[in-house]
Amino acid sequence: MTDPQFVLTERVQRALADAFGPEYSDADPLIRPSQFADYQANVAMSLSKRLRRAPREVAQGIVDHLVDFPGTAEISGPGFLNLTLSDDWITAQANETLADPHGGVATSSVPQIVVIDYSAPNAAKEMHVGHLRTTIVGDALARVHEHLGNKVIRQNHLGDWGTPFGMLIEHLLDIGEEAAVAQLEAGEGNAYYQAARAKFDADPEFNRRARSRVVTLQAEEPETMRLWHIFMDATVRYFNKVYTQLGVTLTDDDIAGESMYNPMLAQVCDELQERGIAVVSDGALCVFPPGYIGREGQPLPFMIRKSDGGYGYATTDMATIRYRVQDLKADRILYVIGATQAQHMSMLFDSARMAGWLPDHVSAEHIQIGSVLGSDGKMFKTRSGASIKLLELLDEAEVRAAEVIRDSDYDEAQREEIAHAVGMGAVKYADLSVSHDSEYVFDFDRMLALTGNTGPYLQYAQARIRSIFRKGGVDPAEATGPIVIGRPEERALALQLLGFGAVVAEVAANSAPHKLASYLFDTASAFTAFFEKCPVLKAEDEATRASRLALCALTLRVLDTGLELLGVPVPERM
């Protein structure tokens, strides 16, 4: 698909170079959608001082040098350029896109290896709403990169190692393996942890056993490792229930928890110390990346080894980044992690660069995840102040979705299937429709609305298109047009559809799934306007009917593909 904005940018840049010299060939034309034309270019305003010419004179110079321009360019006001594409060009591009098996989405000419670290629940705790965003955003980015032809390596960095596991394993022995497994599989990790912690604090003998168990765990003593595997296997089965219900693409093969890096930690410390990158400070081994200052004006340490010889998050994270670059051969590493970890991640990247483990050709990026808030604007919790279990939240979404569709004419099995798709789609789309680094309020009523920028609205739009084809007895794959633009609503929809490939590329480049969500909402809105004004099955003649069916087919493909990239299920009917 030839993205209109890309074409216009290229033509205006070429005109800038021809009019004012090659040094202006890479100037941003500042092209944006406009209410006065299809697009508006504001570059004449921004370059007028540099060129020492009036903005209208700069704009005229651009217009005079536009070559092979697919429409018209008019100067407006003090120097704005109003750009309108020709109907013939839009029609040709729409038909070309309709025939393109990729729907206008260009695959990467040089595929990258993209490592995406996401979800990462703590094995000692149950999953709660705080894990929702890292899981959903990371999964959407993984889907988009794979769609573009990149090799995606998912990394579910479970918190599955460390000193708490001494008391967790001892508690497992106290209550019995069978009871422990049942509790963990049921998602009662918090209760399990709290019971173990209470004994650890109150019972000196249990405390001694737990500390001793940590030693045998770190030594990977066989019986301790057997018990650890029982604990972890039950916990992972619970995580998989959540992943299955959410419809995310994580599998057991993607687990790369803290335990995986345990054998590497001593070597990481030794290498950093031998090369003088890490130094001993107050008994602890630390890296001091430049530019980080503590409250008292002292350099801020990135602690690689504690003064008692123990390891922390920084140690594991340094081992992780080295492994992902050296062993996985990553070109990009995306860490989909809470925004509160911004300083830690920044110090990690800088420390890894100091060590030479993060070379310039590898991009490491913190995809900051904002908090989920309740209607009171505070962290989303139960009335008692406890974290809300993620499975319970997802179950409630399905129950509420079933209420939304309760008056439908479907049988029970169909209603359950649709309720699942609508419930999960509502939760996921509400998250993905806002920038990942911003907070948002969790509100079921808003999420499940059939109007507005919601998952159900988009699902309903694609279901309505499918119903057109069912009523017409036409397979969408056989709706080959040709597309012919007549009414303004047809033109607006066709022009909107031409932007799909560029949006998908932007999502991958900037890790911004909300841009795709916004585009899909605009697409569904354009289709609604088209549907209301342009009869499809009852069009005035066969050529118009064929054209509008083709527009419907292209819209359906864009909506289906876009929602799939976001991980939002698309029910056949609603």
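The values are calculated or read from the model by the stated rules, or taken from the named source; none is laboratory data. Treat the numbers as computed from the prediction; the structure is a model and nothing was measured. Every residue, glycine as well, gets a Cβ built from its backbone with ideal geometry; the counts of neighbours run over all protein chains shown. For accessibility, only protein heavy atoms count, side chains too; no ligands or nucleic acids. Shrake-Rupley method; radii C 1.70, N 1.55, O 1.52, S 1.80 Å.
Here the chain carries DSSP beta bridges of which approximately 55% are antiparallel, counting only pairs with both residues inside. Pair-distance distribution of region 344-456: all C-alpha pairs, bin width 10 Å, starting at 0; shares per bin in whole percent are 12, 32, 24, 17, 11, 4, 0. Computed packing ranks the peptides 487-495, 246-254 as 487-495, 246-254, most packed first, by mean other Cβ atoms within 10 Å. Assuming charge only on the beta carbon of Lys and Arg (+1) and of Asp and Glu (-1), the dipole of region 224-373 about its Cα centre is about 200 debye to the nearest 20. Think of the chain as having a plus end and a minus end, set by charges on the Cβ of Lys, Arg, Asp and Glu; of Leu394, Ser518, Thr316, Ser518 sits farthest toward the positive end of this dipole. Computed over the chain, the per-residue total of -39500 (n - 2.57) for DSSP H runs of n ≥ 4 gives a 222 nm mean residue ellipticity of -17500 deg cm²/dmol, rounded to 500.
Only one residue of Tyr192, Ala124, Leu173 has its Cα farthest out toward the positive end of the dipole of region 64-220, where Lys and Arg carry +1 and Asp and Glu -1 on Cβ, and that residue is Leu173. Taking the inverse of the mean 1/r over every pair of distinct Cα atoms in region 511-565 gives a Kirkwood hydrodynamic radius of 12.2 Å.
Across region 79-123, no residue has a backbone nitrogen under 15 Å from the label position 7 Å along the beta-carbon direction of Asp360. Among the listed values (i) 27.5; (ii) 32.6; (iii) 22.8, the one matching mean projected area of the Cα convex hull in nm² as calculated from this structure is (ii). Can you give the FRET efficiency for Arg275 and His344, using 1/(1 + (r/R0)^6), R0 = 22 Å, r = Cβ-Cβ distance, to the nearest 0.05? So, using R0 = 22 Å, E works out to roughly 0.50.
I need the calculated FRET efficiency for the pair Asp68 and Val215, taking r as the beta carbon distance and R₀ as 56 Å, to the nearest 0.05. In this case the efficiency is close to 0.15. Summary of packing: across the peptides 200-209, 79-88, 496-505, 137-146, the per-residue average of other C-beta atoms within 10 Å ranks them, highest first, as 137-146, 496-505, 79-88, 200-209. Length, then width, then depth: along the principal axes, the Cα atoms of region 168-286 run 49, 44, 26 Å.
The mean accessible area for residues of region 211-263, using a 1.4 Å probe and ignoring ligands and nucleic acids, is 47 Å² per residue. A straight chain from Glu223 to Glu439 at 0.36 nm per residue would run longer than the Cα-Cα distance by 73.3 nm. When the solvent-accessible area of region 65-221 is split by element, carbon and sulfur atoms take up 52 percent of it, the probe being 1.4 Å. The peptide list 163-174, 5-16, put in order of mean Cβ contacts within 10 Å with the highest first, becomes 163-174, 5-16. Relative intensity of region 32-77 on a log10 scale, I(q)/I(0) at q = 0.19, 0.24 Å⁻¹, equals -0.62, -0.93, per a Debye sum over C-alpha point scatterers of equal strength in the absence of solvent.
Counting only protein heavy atoms and a probe of 1.4 Å, the accessible surface of region 304-360 is 44% carbon and sulfur. The calculated FRET efficiency for Glu392 paired with Ala529, based on their beta-carbon distance and R0 = 51 Å, is about 0.85. For region 15-60 and region 320-376, write down the distance between their C-alpha centroids in whole Å. One Cα centre to the other: 37 Å. For helix 265-274, what angle does its Cα long axis make with the longest principal axis of the chain, in degrees from 0 to 90 and rounded to 10? Approximately 80 degrees, to the nearest ten.
Seen from a random direction on average, the alpha-carbon convex hull of region 135-212 projects onto 7.0 square nanometres. Could you check how much of the accessible area of region 425-515 is carbon and sulfur, as a whole percent, using a 1.4 Å probe? Roughly 52 percent, rounded to a whole number.
Between Ala449 and Ser76, residue separation times 0.36 nm minus the direct Cα-Cα distance comes to 130.2 nm.
For Lys428, go through the lysines and keep the ones whose alpha-carbon is under 23 Å away, minus same-chain ones fewer than eight residues off. Cross-link targets: Lys125, Lys241, Lys378, Lys381, Lys389, Lys515. Classify region 405-486 as rounded, prolate or oblate from the Cα gyration tensor: take a ≥ b ≥ c as the square roots of its eigenvalues, call it rounded if a/c is under 1.5, otherwise prolate when a/b beats b/c and oblate if not. Cα axes put region 405-486 in the oblate bin.
Calculated accessible area for region 399-451 comes out at 50 Å² per residue, all protein chains present (probe 1.4 Å; ligands, DNA, RNA ignored). For the chain, the dipole from Cβ point charges (+1 on Lys and Arg, -1 on Asp and Glu) about the Cα centre works out to 1100 debye, to the nearest 20.
Taking 0.36 nm per residue of sequence separation and removing the Cα-Cα distance, the Ala266/Ser375 pair yields an extension gain of 34.6 nm.
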